[in-house]
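The block underneath contains the structure these notes are about, expressed in structure tokens.
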Amino acid sequence: MAASGAGADPGDEVLDVVDEHDRVVGRAPRAEVYARGLRHRCVFVLVRDGGGRIFVHRRTPGKLVFPSLHDMFVGGVVGAGESYDDAALREAEEELGVRGLPAPTPLFGFLYDGGGDPGRSWWSRVYEVRCTLPVDPQAEEVAWHGFLDEAELSVRLDEWEWVPDGAEAYRRLLAHGAG
């Protein structure tokens, strides 16, 4: 989920540091942002195939955050000076291994509070996009993937271990009426 080029260390990527109102108050490398628990920005993109099924994947063990957990979103951090909308499209295309996606549709935003852990708090925007292209997910990002219908995803919510921020975003998405 890095905005940096192939082979670059994701920890070197510079992020905007934001306050509780999502105003930029500084910039720092991702590794420092994570180590110091600084609030930053993140995007979540729900990807549906032509049949409406949802792209689900398991993160690789080498991920900086939530390694080896399942996620029903693609996405990641918003780079310094990058808009949420640009980050959503970039992240979706990178993680799915496609080019030419339509711009993801913004649905809502929220402040993820880290389940009460102040060191894991980020402003989040949730998007949705339809992907009718064949996907070829990044091997560095995605250990397994599949498209699940909503009923199967609902069953898996209780069976698989999910990234906590994605699970929170999905809960909010269902409450929002867009899931």
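The values are calculated or read from the model by the stated rules, or taken from the named source; none is laboratory data. Bear in mind that the values here come from a model prediction, so they are computed numbers and not experimental data. Here Cβ is always computed from backbone atoms with ideal geometry, including for glycine, and neighbour counts include all displayed protein chains. Heavy atoms of the whole protein, side chains included, go into the accessibility calculation; ligands, DNA and RNA do not. Shrake-Rupley method; radii C 1.70, N 1.55, O 1.52, S 1.80 Å.
Over the chain, with every protein chain in place, what whole percent of the accessible area is carbon and sulfur at 1.4 Å, could you tell me? In the chain, the share of accessible area belonging to carbon and sulfur is 50 percent.
Here the chain carries DSSP beta bridges of which approximately 70% are antiparallel, counting only pairs with both residues inside. Convex hull volume of the C-alpha atoms in region 1-147, normalised per residue: 106 Å³.
With all protein chains kept in place, the per residue accessible area of region 28-158 amounts to 43 square angstrom at a probe of 1.4 angstrom. Both radii were evaluated on the Cα set of region 127-179; the Rg over Rh quotient, with Rh as the Kirkwood radius, amounts to 0.96. Of the Cα atoms belonging to region 90-143, the radius of gyration and Dmax stand at 14.1, 39 Å. The 3J(HN,Hα) values that the Karplus relation (6.51, -1.76, 1.60; θ = phi - 60°) gives for region 127-134 are, in residue order, 10, 9, 8, 9, 10, 9, 7, x Hz. Gly and Pro appear as x. Any idea what the relative contact order of the chain is, in percent, if you count C-alpha pairs under 8 Å spaced at least 6 apart? Once normalised by length, the contact order is 26 percent. Compared with the alpha-carbon gap, the fully stretched path from A175 to R36 is longer by 46.8 nm at 0.36 nm per residue. Ordering D71, D149 by accessible surface, largest first, gives D149, D71; the 1.4 Å probe counts only protein heavy atoms, with every chain in place. Checking every one of the trypsin sites (Lys or Arg not before Pro) in region 66-136 against DSSP loop status and a limit of 10 other Cβ atoms within 10 Å picks out R99.
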